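K.L.:
Attaching a single structure in structure tokens format; questions to follow.
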Amino acid sequence: MDVVDILAGVSSDWLKHLTWIVALAFAAVVLLLRRPWRPDQALLAGFHVFIAASLAAGIYVLNHLGEGRWGGDKEPKLDPPSFSETPMVGQFLEPLDGALSGMADVVNELGDFRAAFPVALDFFVAAGWALAAAVPAGLCVLVGNAWENKRRRAESAAAVKELARLRAELESVKQHVGYGSGADII
């Protein structure tokens, strides 16, 4: 199955910008769609999306080690000589060619990893800082939720009080009209 890599042309700088753009866009959408208007929840949602996007970008970098976007093309790749073309003894040296080729591949992959790891680490560190910043934002959301729950409870208590007042008023009207106090007209 051939999967199209939509981030194939994106450099590491643009990948960093992309994590910010996605997080800010998501926070803006949450801010615009959330009623009542709660910027604290939009901020927390933006932090969560930034954390997820940064982790995904770091994993993406580590899954695409051999690409030059991360700086792996700055070092020359090892290319072992071929001993199998040596006259007279070349056929006996073919296993040595395979071993040298395997070692060169490992060294080249290690060089690619060494070049890509700092880029991926930048994304992981950014996700860690966003997680640390999400804690105070989460506390703000908790305080906002507590305030909103207190307001809703006060509204509910006021509605119950108003309902009790209206029932008492209805009872007094029923007695005034002479409609029995035990009968329910509604």
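The values are calculated or read from the model by the stated rules, or taken from the named source; none is laboratory data. Predicted model only: the values in this text are computed from it and were never measured. Positions of Cβ are generated from backbone atoms using ideal geometry, with glycine treated the same way; all protein chains shown enter the neighbour counts. Surface accessibility is based on the protein's heavy atoms, side chains included, excluding ligands, DNA and RNA. Shrake-Rupley method; radii C 1.70, N 1.55, O 1.52, S 1.80 Å.
K.L.:
For residue 53, which of the numbered conditions (1) in contact (Cβ under 8 Å) with a residue 40 or more places away in the chain; (2) open to solvent by less than 30 Å² (accessible area, probe 1.4 Å); (3) closer than 22 Å to residue 125 by Cα fails to hold?
P.N.:
Going through (1) in contact (Cβ under 8 Å) with a residue 40 or more places away in the chain; (2) open to solvent by less than 30 Å² (accessible area, probe 1.4 Å); (3) closer than 22 Å to residue 125 by Cα one by one, residue 53 breaks only (1).
K.L.:
Take segment 1-36 and flag every residue that is small (Gly, Ala, Ser) and either modelled with pLDDT of 85 or more or assigned to a loop (DSSP other than H, G, I, E, B) (or both).
P.N.:
Result: 8, 9, 11, 23, 25, 27, 28.
K.L.:
Of the numbered conditions (1) among the aromatic types (Phe, Trp, Tyr); (2) modelled with pLDDT of 80 or more; (3) open to solvent by less than 70 Å² (accessible area, probe 1.4 Å), residue 113 fails exactly one; give the number of that condition.
P.N.:
Only one criterion is unmet by residue 113, namely (3).
K.L.:
Still on this structure, please answer the following. Please find, within segment 151-162, the residue that is nearest to residue 36 (Cα to Cα) out of those that are open to solvent by less than 90 Å² (accessible area, probe 1.4 Å) and hydrophobic (A, V, I, L, M, F, W, C).
P.N.:
Let us first name the residues in segment 151-162 that are open to solvent by less than 90 Å² (accessible area, probe 1.4 Å), namely 151, 154, 156-159, 162.
So of that shortlist, the ones also hydrophobic (A, V, I, L, M, F, W, C) come out as 154, 157-159.
Values: 154: 17, 157: 20, 158: 20, 159: 20 Å.
Applying the filter and picking the extreme gives 154.
K.L.:
In this structure, does residue 105 turn out to be in a helix (DSSP H, G or I), of a type in the set (D, E, K, R), open to solvent by 60 Å² or more (accessible area, probe 1.4 Å) and at pLDDT below 95?
P.N.:
On the way: in a helix (DSSP H, G or I): yes; of a type in the set (D, E, K, R): yes; open to solvent by 60 Å² or more (accessible area, probe 1.4 Å): yes; at pLDDT below 95: yes.
Yes: the conditions hold for residue 105.
K.L.:
Which condition number does residue 132 fail, the rest of (1) farther than 30 Å from residue 43 by Cβ; (2) free of Cβ contacts under 8 Å to residues at least 40 places away in the same chain; (3) open to solvent by less than 60 Å² (accessible area, probe 1.4 Å) being met?
P.N.:
(1)
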